[in-house]
Amino acid sequence: MREGLIYKALSGFYYVESEGESFQCRARGVFRKRGLSPLVGDRVKFQIENTTDGYITELLPRKNELVRPPVANIDQVLVVMSAKEPEFSLNLIDKFLVIVESYDITPCLIVTKKDLLNADEESFIQSKLDYYQSIGYNTYLISNLEDQRVMLDMLVPGINVLSGQSGVGKSSLINAARPQSNLETGIISNALNRGKHTTRHVELIKNKQGYIADTPGFSSLDYAHIDKYMLKNCFPEFVEVEQECKYRECLHVNEPKCAVKMAVGDTILASRYDHYLQMMNEIETRKVRY
């Protein structure tokens, strides 16, 4: 019996790295019976059948997991947005950050395509990133020429996951940091204002710091697992001041003497609070899933 790391899942096979070797494995039927599914990033025990193949027999405990993209044991999520093509969106940024926060994973915010901006546009975006930096997120505004240096600076030891809309440059970032990965890059669809889906499976790419996961691009964001009490805890600047709210379980919506509402426009960015209210409304009006 050996232990290893699933670095790729494709067509029912799991590719496991163990002591510098790679094995193509299938999962035992017992996982399906238990409603379990191995994920990229899982540490596993597996049984070797021959020199290249084996069977996964046990999933070792996970510290976290994402549903979309399906990756386990994540150390950092790099939320990648673009300055243009597709257009910069604070709303999307906040939704991505909330989802990452809800899994108790450290996010990092990267905005690509700085080279497409004029001076006023760059100043506007940088001012917003300065705010996110002030509430505890590492932020980067980069152009294609800066990709390689910055990409290496932002990685942490362990598993780094890139998430964001299609077409924002996730695969290009990986190509810049590790050219031998040679990932396909796509062309922006102007009609849809989003990129074509060029990444078709999740795969961990090894580097000196650990691993980078390139993940299928997506534009729909699912936070069905987040309730209204969890949501407020996914905004770190709200958590910072909410002890001053009059009510202990204040949701920062209609309650009187709410410290969060009083801080909006001062220490809390107004767009952040607006997006919080939008998400709260979606949570309170969504239909129960059975």
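The values are calculated or read from the model by the stated rules, or taken from the named source; none is laboratory data. If you're wondering where the values come from, they're calculated on a predicted model, not measured in any experiment. Glycine also receives a Cβ, built like all others from the backbone with ideal geometry; neighbour counts cover every protein chain displayed. Side chains are part of the model used for accessible areas, which takes the heavy atoms of the whole protein and leaves out ligands, DNA and RNA. Shrake-Rupley method; radii C 1.70, N 1.55, O 1.52, S 1.80 Å.
Here is how the numbers come out for the structure above:
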read-out: Cα centroid separation, region 1-48 to region 225-289 (Å); value: 41 Å
read-out: Under-5 Å amide H pairs with G167, H placed in peptide plane, nonlocal only; value: G195
read-out: Residue-averaged 222 nm ellipticity for the chain, from DSSP H runs of 4+ at -39500 (n - 2.57), nearest 500; value: -8000 deg cm²/dmol
read-out: Cα-based shape type of region 228-285, given that a ≥ b ≥ c are square roots of the gyration tensor eigenvalues and the cut on a/c is 1.5; value: oblate
read-out: Within the chain, percent of DSSP bridges classed antiparallel, to nearest 5; value: 55 percent
read-out: Option label - Rg/Rh (Cα atoms, Kirkwood Rh) computed here, alternatives (1) 1.20; (2) 1.00; (3) 1.10; value: (2)
read-out: Options L5, F31, L59, ranked by Cα towards positive dipole end of region 2-60, top entry (Cβ charges); value: F31
read-out: Karplus-derived HN-Hα couplings along region 269-283 (A = 6.51, B = -1.76, C = 1.60, θ = phi - 60°), whole Hz, x at Gly and Pro; value: 4, 4, 5, 5, 5, 4, 5, 4, 5, 4, 5, 4, 5, 4, 5
read-out: Nearest-20 debye value, region 228-285 charge dipole, Cβ charges on Lys, Arg, Asp, Glu; value: 120 debye
read-out: Test item: Cα-centred dipole of the chain, Lys/Arg +1 and Asp/Glu -1 on Cβ, debye; value: 1040 debye
read-out: Rounded to the nearest 20 debye, dipole of region 1-51 from Cβ charges on Lys, Arg, Asp, Glu; value: 400 debye
read-out: Over region 29-87, relative contact order from alpha-carbon pairs under 8 Å, at least 6 apart, %; value: 27 percent
read-out: Relative contact order [Cα under 8 Å, 6+ residues apart], the chain, whole percent; value: 14 percent
read-out: Relative contact order, percent, region 52-130 [alpha-carbon distance under 8 Å, six or more residues apart]; value: 30 percent
read-out: Cα→Cβ-extended label distance, 7 Å offset, between N233 and K33, nm; value: 3.6 nm
read-out: Per residue value of the accessible surface for the chain (all protein chains in place, 1.4 Å probe), Å²; value: 51 Å²
read-out: No Cys partner within the rule (Cβ under 4.7 Å), the chain; value: C25, C108, C234, C258
